[in-house]
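Asker: Quick one: structure below, then a few questions.
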């Protein structure tokens, strides 16, 4: 079992905020390594973009353990949602080999709220 724990179970944060993120795992068999990643990706129409902003690697981890990282969240890009595309931030914890993973989506913006883009086109145009 892989788990990502965020402070006070929050999932929305201000840009540049410093937070403690805990990666926790309970494995049936040993793995070579685990990686905690902070990344963003776009979803929706068009090309999909993905950027891994930071990676923390844990080599030869114990089968049952947890590690807390103090992480300063980036200042951009902001989390947003529009009619055609959205940008989503997330933490992912991945085991290697095997690729078992868990993902925790978060919001990063100046006021800790996802930015909702206005509808630019009506369906009658």
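The values are calculated or read from the model by the stated rules, or taken from the named source; none is laboratory data. Since the structure is predicted, the reported quantities are computational estimates derived from the model, not experimental observations. As a convention, Cβ positions derive from the backbone with ideal geometry for all residues, glycine included, and neighbour counts pool all protein chains shown.
Asker: Report, by residue number, each residue of the stretch 83-95 that is surrounded by 15 or more Cβ atoms within 10 Å (Cβ to Cβ) and over 17 Å from residue 51 (Cα atoms).
Answerer: 95
Asker: Does the stretch 47-55 contain at least one residue that is farther than 17 Å from residue 2 by Cα and over 18 Å from the mean Cα position of the chain (by Cα)?
Answerer: Yes, some residue in the stretch 47-55 is farther than 17 Å from residue 2 by Cα and over 18 Å from the mean Cα position of the chain (by Cα).
Asker: A follow-up question, please. Taking residue 59 and the conditions (1) over 17 Å from the mean Cα position of the chain (by Cα); (2) modelled with pLDDT of 95 or more; (3) surrounded by 12 or more Cβ atoms within 10 Å (Cβ to Cβ), which numbered condition does it fall short on, given that it satisfies the others?
Answerer: (3) is the only condition that residue 59 fails.
Asker: Here is a check on your reading of the model: is residue 31 at pLDDT 95 or above and under 15 Å from the mean Cα position of the chain (by Cα)? Show your work before the answer.
Answerer: On the way: at pLDDT 95 or above: yes; under 15 Å from the mean Cα position of the chain (by Cα): no.
Taking the combined requirement at face value, the residue does not satisfy it.
Asker: Kindly provide the set of residues from the stretch 1-16 that are buried (at least 16 other Cβ atoms within 10 Å of the Cβ) and over 13 Å from the mean Cα position of the chain (by Cα), ordered by number.
Answerer: Scanning the stretch 1-16 gives 2, 15.
Asker: Pick from the stretch 17-28 the residues that are surrounded by fewer than 16 Cβ atoms within 10 Å (Cβ to Cβ) and either at pLDDT below 95 or more than 17 Å from the chain's Cα centre (by Cα) (or both): which of them is farthest from residue 115 (Cα to Cα)?
Answerer: 28
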